Amino acid sequence: MRGIWTVCALLLAPWLGARIAAAQSTVPQRDAPSMTYKIAGVAVNSVTGAPLAEARISLVDTKTRKSVLQQKTAEGGRFEFAGLPAGKFSLNGSKRGYISASYEQHEEYSTAIVTGPELKTDALVLRLNPVAVIGGHVRDQHGEPVRHAQVTLFMEDHRRGMSRVNRLLVAISDDLGYFDFSSLIPGTYFVSVNATPWLLIGSWRSSGVAGVRTACSVLMMPGYSSAARATSGTEPPA
């Protein structure tokens, strides 16, 4: 009989081990707590560095393009998006009187915000450019305003590694010879004028500075076609 029980015990050992392992595999496993991250910072005027209150900030998941979070900055220009998963996000800002922009935007390029372990994303600076204005007067050689002159604005373009000058806007001078172009992004601009019966003594060049109003008097004289140049905030040479 002792031999029989020994054989039974040996046969039961593998069976019991399999039952115990199966029972253990059915015990629910607790998920490790998922990590969350924060994207925070301040929106500022790119020229003065002053914080921008009431700026609208949006955060978009670059992978799905569906998870859009929005908020307005506080009095000190602060914004904060908490409880974010690890991923890549596009941070965008807008405010009346400013040009909408993404984080570290240069022309058509911007920088995405990546969240994850040991990545610092809570002290960002989102810079918005205030709109620029170029304006001035068209006058003849006697200092009288030239009415209904056609003023054309061109912008220097360096995108995609190429330099070119593109026609941008057209304005007509009023009864005082005044013209302006508003809501301009920072850049280098050229202005040309056509009027009858006058010929433009020249076009002038302006390096547009965001938030700074650029003014220039354009002199119109009959019989001249030579060019003159001026930079932002200055009048063309006589």
Among the aspartates and glutamates, which have Cα under 12 Å from the Cα of residue 88 when same-chain residues fewer than 8 positions away are ignored?
-> 61
Taking 0.36 nm per intervening residue step and subtracting the Cα-Cα distance, what contour gain separates residue 107 from residue 142 on full extension?
-> 8.4 nm
Qualifying GluC sites (Glu not before Pro) in segment 82-120, DSSP loop, other Cβ atoms within 10 Å at most 13 | 107, 108, 118
FRET efficiency for residue 38 and residue 167 from the Cβ-Cβ distance with R0 = 35 Å, rounded to 0.05, comes out at 0.20
Would you compute the Debye intensity of segment 37-129 from its alpha-carbon atoms alone, equal scatterers and no solvent, and pass along log10 I(q)/I(0) at q = 0.11, 0.14, 0.15, 0.19 Å⁻¹ to two decimals?
-> -0.27, -0.45, -0.51, -0.83
Post the alpha-carbon centroid distance, segment 160-177 to segment 46-125, in whole angstrom.
-> 32 Å
Length gain on complete extension for the stretch residue 174 to residue 61, per 0.36 nm per residue less the alpha carbon to alpha carbon distance?
-> 35.9 nm
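FYI, it's all coordinate maths here, none of it is from the lab. Note that the structure is predicted; figures quoted are calculated from it, not measured. Cβ: placed from backbone, ideal geometry, glycine included. Neighbour counts: every protein chain shown.
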